[in-house]
1. Consider the range 352-384. How many of its residues are within 27 Å of GLN450 (Cα to Cα), modelled with pLDDT of 95 or more and among the charged types (D, E, K, R)?
2. Among the residues of the range 274-305, write down those that are surrounded by 23 or more Cβ atoms within 10 Å (Cβ to Cβ) and aromatic (Phe, Trp, Tyr).
3. Looking at the range 486-503, which of the residues that are over 16 Å from MET54 (Cβ atoms) and under 10 Å from the mean Cα position of the chain (by Cα) is most open to solvent (accessible area, probe 1.4 Å)?
4. Give me a count of the residues in the range 504-552 that are part of a loop (DSSP other than H, G, I, E, B), open to solvent by 20 Å² or more (accessible area, probe 1.4 Å) and in contact (Cβ under 8 Å) with a residue 60 or more places away in the chain.
5. Checking the conditions here, which among GLN726, GLN698, GLN663 is outside any helix (DSSP H, G or I) and without any contact (Cβ under 8 Å) to a residue 24 or more places away in the chain?
6. Cβ-Cβ distance below 9 Å, separation of 6 or more or different chains: which pairs start in the range 117-128 with a residue that is closer than 19 Å to TRP407 by Cα and free of Cβ contacts under 8 Å to residues at least 60 places away in the same chain and end on one that is in a helix (DSSP H, G or I) and among the polar types (S, T, N, Q)?
7. What residue, of ALA74, ALA83, ALA89, is crowded, with 18+ Cβ neighbours inside 10 Å and under 21 Å from PRO687 (Cα atoms)?
8. Would you check which residues across the range 553-576 are surrounded by fewer than 17 Cβ atoms within 10 Å (Cβ to Cβ) and part of a helix (DSSP H, G or I) and list them?
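The values are calculated or read from the model by the stated rules, or taken from the named source; none is laboratory data. These numbers come from a predicted model, not from an experiment. Here the Cβ positions follow ideal geometry from the backbone for every residue, glycine too, while neighbour counts run over all protein chains shown. Only protein heavy atoms, including side chains, enter the accessible area calculation; ligands, DNA and RNA are left aside. Shrake-Rupley method; radii C 1.70, N 1.55, O 1.52, S 1.80 Å.
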Amino acid sequence: MEIPAKYNPALTEEKWYKYWMDNDYFHSEPDDREPYTVVIPPPNVTGVLHMGHMLNNTIQDILVRRARMQGKNACWVPGTDHASIATEAKVVAKLKKEGIDKNSLSREEFLDHAWEWKEKHGGIILEQLKKLGASCDWERTKFTMDDDMSESVLKVFVDLHKKGLIYRGVRMVNWDPQAKTAVSDEEVNFKEVQSKLYYVRYKVESEDSYVTIATTRPETILGDTAVCVHPEDERFKNLHGKKVLVPLVNRLISIIKDEYVDKEFGTGALKITPAHDINDYEIGDKHNLESIDIFNDDGTMNESAQLYIGEDRFKVRKLIVKDLEEAGHIVKIEDYINKLGYSERTDAVIEPKLSMQWFCKMENLAKPALENVINNNVQFHPAKFKNTYKHWMENVKDWCVSRQLWWGQRIPAYYLPEGGYVVANTEDEAVELAKEKSGNPNLTINDLRQDEDVLDTWFSSWLWPISVFNGINDPDNKDFNYYYPTNDLVTAPEILFFWVARMIMAGYEYKGEKPFKNVYLTGIVRDQLRRKMSKSLGNSPDPIELMKKYGADGVRVGMLLCSPAGGDLLFDENLTEQGRNFGNKIWNAFRLVKSWSVDETIEQPESSRKSIEWFLNRLNSEIKNINNLYEKFRLSEALMSVYKLFWDEFSSWYLELIKPAYQKPIDKTTLDQTLEIFDTLIKLLHPIMPFITEEIWQLIEDRKPGESIMIEKMPVSETYSNKTIQAFERVKEVISGVRNVRKENNIAQKESLALKVNGNYDNDYDSCIVKMCNLSSLEKVNSKIDGAVSFMVKSTEFYIELGSLVDVEEELKKLNDELEYNKGFLKSVMKKLSNERFVNSAPEKVVNIEKQKKDDAEAKIKVLEERIAGLK
C-alpha cells in the first residue's frame, strides 16, 4: 500500500472517528472487567466550544483512552447542563428580537419556546467535541432536564425537605437585577472598583445639630431605618436615645448603639438600611428595626422609596447626590476604592435584597465531604487545593436553591388555599398531603398553587455522577452499582465549590460513598499577557479553526505542552504548530521505515542487533516513567517523555543506527523488530494523538475489519538495564565527537576514518560506532598519539590521525582554549572546597559531587597538557 507523502488530518480524522463510532468502541456496558468511569463536566446547553473546553476534554479523553487500552471497561458519560440563567436570558433575547415580551406569555408558552431553542441550538458543543476526538459513550448522553434527571432532582428536594434540610424563609440574598433572580454566594464575583464616599448629614430631631454619616450608596438613604454608633464612642454619647430625620423624605429614625460599628471608618456613625445590606440586615434583626425595600426586581426604585420611582438605581445615585447638595446635606465627597459583587452570569452589580427563598442547610452535609477530602479518600491534583476547600467547607453557609425563573426544575411545593404548603414528588401526592394537612377531603389540584420558582441549576448538577446512572430513582440498578463511584473528575478550580464540593456532599448523602476517587484541577487558559481568554476581549482563538489549521492531534499536543495541573495555561499558537510538526515527524519516520526494501537472505548486522538491544532497554525504562507520570496526573510531563523518546531517541538515533545504506535493502529481522518498536511507540502516543496513531497502526500491517489501536493493549514496562542505557549515552558522545572532528576539519562522511582509544573503554557497541562514524578501524592503544586530532569522553581519549588534513595551529588553539576553560572551572571548584563553612555544613552528597568535579577537571587538564605537548 502506497503511503501518502503528506499526512492529511482532515481526511484521517473524519474517517477514523466514523470507524470508531460504527464499531461501537466508545460504548460501555457492565461486565467482568474493572470499570473506569468519567463523567463530563456538563457544558451549558447554550455553549460553543472554547479553549477551556478544549483543555478539559483533551485531558479527559487521554485518561479514558489510556484506561481502555489498559483493559479497563472505560465509560465516559457526556451531556449538557440546562443552565437556567444563561439559557433563559438567550431565549428572552431571541423573543425580544421577534417582538415578543416574555411577560406576555404564559409559563407553558415560554417553556415551549425554550425547548424549541434547546432542540435547535443545544448539543452544538457535543458535536464539536467529536472533532477533538472525544471518545464519549454518546449512547449515554444526558441533559440535566431529561425526564429521569428532573425526577431525581425533585426526589432529592422532597427527601431533604422531609429531613429538615430544606427550608423556606425571608433572608438577605444576592439579587441579580438583570436576570431578576437570586444567585448563590459562589455565583458572585468581587471586583475592586473606583467609587465615591459621600459624607451626608442628618438633622437631629428638635435640635439645630446634625449627625454625619459616610456611604458609597446614597440612593439607599431612602430605605434607612436607623443611624448606628458605637456605645463607647465619646463623640456621640450626647445623642444616645435621640432621633434624626432622613434627608429629603424627612422620616424620623432612631439613633441606636451597637459594637458592630467601626469607630475608625468614615465618621463613626453608620446609616442602617436593613433591606439592602447584609450587615445592616443583621443589625436590624437584632434591634427589631423596620425594613423598607425601595427597589423593584429590576433595580429600579419602587413606591416605598417615595422619590425617583421607576428610575434605575445608578441613575438615582446621580440624581439624589444633586438633590442632597442643593438641600445642604452633602458635607464632602471623597474618592474611594471598594469591592463590588457582580453576577457571574450577567455581570450585573449584585443588589443585596430581602427575599422569600428556599434554602438548603449545609453544615451536616459538609462534614463527610470535608473529612473524606482531608483523609484523601477523594484526592485533589494538585493537592494545594485541599486548603482552599477546607477553608470554604469549614465556613459553609446555607445554600439558596430557588431561582426566580421559568426554565429549570420547578420547585415541588404546593400552597394551600388557607395558607401553608406541602412538598411532594407529584401532583397526586401533593393533593393527598394537602387533604391530610387541611382536613379538607374535597381539595383538588386546582385548589393548590405550585411555587413559581425553579431550582438552582447546581441543584441538578450536584447529582450528576449519581443521576446519569439513575442512582436516585433506582439505587440498586446494574449500571449504578457497576460504574459508581467514578474514577477521575477533570474540572476547573473556579467551580470547586459550586460543583465539586456539592457532588461530594450528594455522594455521601445518597450513596454513603465518594462520587469520584480523583479530582484533576486544570488551570485557566490565558493569553501571553496572562489575561483570561474570553470572547469579549477577542483574545481567544476559535478551537474549530485551530483544528482545521493544525489538526486535532496537533491542537491536543499544543494544549498539553503548556498545561501543568492546577497551573494556568499560557496558550501560544506556536505550540499547536509544534504539535502538528510532531505529527509530521511521526509520519515521515513511518514512511522512511516502510520505504525500505527487504532481503530475507541478509543476516542481521551486529550494529542493528546492538541498537535494538539498547533501544528496547531505553523504551522499557521510559514506559515505566510515563506510567508513573500518568499515575501522578502529570500529563504534560508524560507527553514530553514520549515526545522526546520518539523525536530524540527513536528518530534521531535509532533509525540512523539501523537504516540500510543508500539504495540497499534491510534485513528482515531488523525491519520486523523496528515495526514492533514503532507499534509500541504509537500505542504510547495513542491517548494523546488518537487519529494519526490509528492511521499508522492500520498501515503497519494488514488489519482485519473491526480492529483498532484504541482497543489494543497499552504497553507495559519489561525488565531493562540502566547500565546498558548509560553505556549507550557514552556511545552517543563518541559518535558526536567524531562528527565534530569531521565538521571542524571539513571531512565528508563518505571518507572513512580510523579511530584509536586510550583509556577506560567498553567495546560492546563498537559496531554501532563504526557504522555511524564510517570508520575503517577502531582499536585500543595504550599511549597518546602525537599529531592526531583528539577529543575526550569523560577521561577516555579518542584519536583520529588525519595526516596532512589536520591544521596543527588550529588544533593547538582549540586545545589551549579548552585547557583555559578547565583551569577556570577547577579554580571555581577549589574555591568552594577551600571554604570550611561549605565543607562542614553542606550535605555530604553535595560535597562529594564537588570533589568528583575536582578529580575530573584535574584528569582532563593533565590529558590536555599532554596532547598540547605532543603537537608542538
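1. Counting residues in the range 352-384 that are within 27 Å of GLN450 (Cα to Cα), modelled with pLDDT of 95 or more and among the charged types (D, E, K, R) gives 1.
2. PHE295 - this is the single residue of the range 274-305 that is surrounded by 23 or more Cβ atoms within 10 Å (Cβ to Cβ) and aromatic (Phe, Trp, Tyr).
3. Taking the range 486-503 as the starting set, the residues that turn out to be over 16 Å from MET54 (Cβ atoms) are 486-489, 493-503.
Adding the requirement that they be under 10 Å from the mean Cα position of the chain (by Cα) leaves 493-494.
Values: PRO493: 31, GLU494: 86 Å².
Ranking the candidates gives GLU494 first.
4. First pass over the range 504-552, keeping only residues part of a loop (DSSP other than H, G, I, E, B): 511-515, 522-524, 527-531, 533-542.
This time we only want the ones that are open to solvent by 20 Å² or more (accessible area, probe 1.4 Å), so: 511-514, 524, 528-531, 533-542.
The next check asks that each one be in contact (Cβ under 8 Å) with a residue 60 or more places away in the chain; those that pass are 514, 524, 533, 535, 540-541.
The total comes to 6.
5. Details: GLN726 fails: outside any helix (DSSP H, G or I); GLN698 fails: outside any helix (DSSP H, G or I).
One residue alone meets the criteria, GLN663.
6. TRP117/THR87
7. On the way: ALA83 fails: under 21 Å from PRO687 (Cα atoms); ALA89 fails: under 21 Å from PRO687 (Cα atoms).
Exactly one residue qualifies, and that residue is ALA74.
8. Of the residues in the range 553-576, the ones surrounded by fewer than 17 Cβ atoms within 10 Å (Cβ to Cβ) are 564, 567-568, 570, 572-574.
GLU573, ASN574 - these are the residues of the range 553-576 that are surrounded by fewer than 17 Cβ atoms within 10 Å (Cβ to Cβ) and part of a helix (DSSP H, G or I).
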